[in-house]
Amino acid sequence: AQSVAQPEDQVNVAEGNPLTVKCTYSVSGNPYLFWYVQYPNRGLQFLLKYITGDNLVKGSYGFEAEFNKSQTSFHLKKPSALVSDSALYFCAVKASGTYKYIFGTGTRLKVLA
Amino acid sequence: EAEVAQSPRYKITEKSQAVAFWCDPISGHATLYWYRQILGQGPELLVQFQDESVVDDSQLPKDRFSAERLKGVDSTLKIQPAELGDSAMYLCASSFGDGTEAFFGQGTRLTVV
């Protein structure tokens, strides 16, 4: 069965500092991995995905994520956080050949000025 | 840029009443999803369509919820009768195919009173 874990309910970081939001996954077969961001009372907005190829993927708004197959992780990173990055972040996994996306419970990111 | 359209954005209804939500996916997207998101939690899949066919409705409370996508384009999710515990954000998403990300609408915030 597919599953996603986001071990931190909340991450606090000072503006200008690097940020990391953690995600681990479990899936049979090759994983497709995604990060989404959600602002209050809005839908989920796609940030980036890993399908195949380079383990480091770059996405919108300066975010990137590193796929680590041995640790079954897909952590979201940004070199320098902005206050406007404060939002709820979701990791999702989909097994190749299926259409079902499984979401983690979300991590609230707070960037402090 | 193409978007997933949902209506209404907000809905307040009394318990035991019927309520319906509408979704128009991005043109050409064969796969359509309805998710429910409790405040502060990750989205949970209710039903998934491939064209007009339901491919996963295992988490849909079928005694009160129904979903259809008659022509394989737009979709309606209905709740009858609504219960207090149905208060949540209902998100519609669509995707083109395997390996592609899902695009989400803005959601319908349902409050049952």
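Details
- Check on A:Val4, surrounded by 17 or more Cβ atoms within 10 Å (Cβ to Cβ), in contact with a helix residue (DSSP H, G or I) (Cβ under 9 Å, 6 or more places away or on another chain) and hydrophobic (A, V, I, L, M, F, W, C): no
- In the range A:13-113, counting only strands (runs of 3 or more DSSP E) that sit wholly within it, the ones holding 2 or more residues that are loosely packed, with under 12 Cβ neighbours inside 10 Å and at pLDDT 95 or above span A:56-58.
- Within the range B:90-113, considering residues that are at the interface with chain A (Cβ under 8 Å from one of its Cβ atoms) and in a strand (DSSP E or B), the one most open to solvent (accessible area, probe 1.4 Å): B:Phe103
- Enumerated strands (runs of 3 or more DSSP E) restricted to the range B:1-86, each holding at least 2 residues that are within 12 Å of another protein chain (Cβ to nearest Cβ): B:5-7, B:31-37, B:44-50, B:53-56
- Residue list for the range B:68-88, filter: open to solvent by less than 30 Å² (accessible area, probe 1.4 Å) and either among the hydrophobic types (A, V, I, L, M, F, W, C) or free of Cβ contacts under 8 Å to residues at least 12 places away in the same chain (or both): B:Leu77, B:Ile79, B:Ala82, B:Ala88
- Options A:Thr105, A:Thr52, A:Thr20, A:Thr98: the member that is farther than 27 Å from B:Ser58 by Cα and facing chain B (nearest Cβ under 10 Å): A:Thr52
- Subset of the range B:27-44 (residues that are open to solvent by 20 Å² or more (accessible area, probe 1.4 Å) and under 13 Å from the mean Cα position of the chain (by Cα)): B:Arg36, B:Glu44
- Residues of the range B:1-48 satisfying the condition of being among the aromatic types (Phe, Trp, Tyr) and either under 21 Å from A:Val37 (Cβ atoms) or at pLDDT below 95 (or both): B:Tyr33, B:Trp34, B:Tyr35
- From the options A:Leu44, A:Leu19, residue that is out of contact with any Lys or Arg (no Cβ under 6 Å at 6 or more places or on another chain) and not aromatic (Phe, Trp, Tyr): A:Leu44
The values are calculated or read from the model by the stated rules, or taken from the named source; none is laboratory data. Bear in mind that the values here come from a model prediction, so they are computed numbers and not experimental data. For neighbour counting, all protein chains shown are included, and Cβ atoms are generated from backbone atoms with ideal geometry for every residue, glycine included. Please note that ligands, DNA and RNA were not included when accessible areas were found on the heavy atoms of the full protein model with its side chains. Shrake-Rupley method; radii C 1.70, N 1.55, O 1.52, S 1.80 Å.
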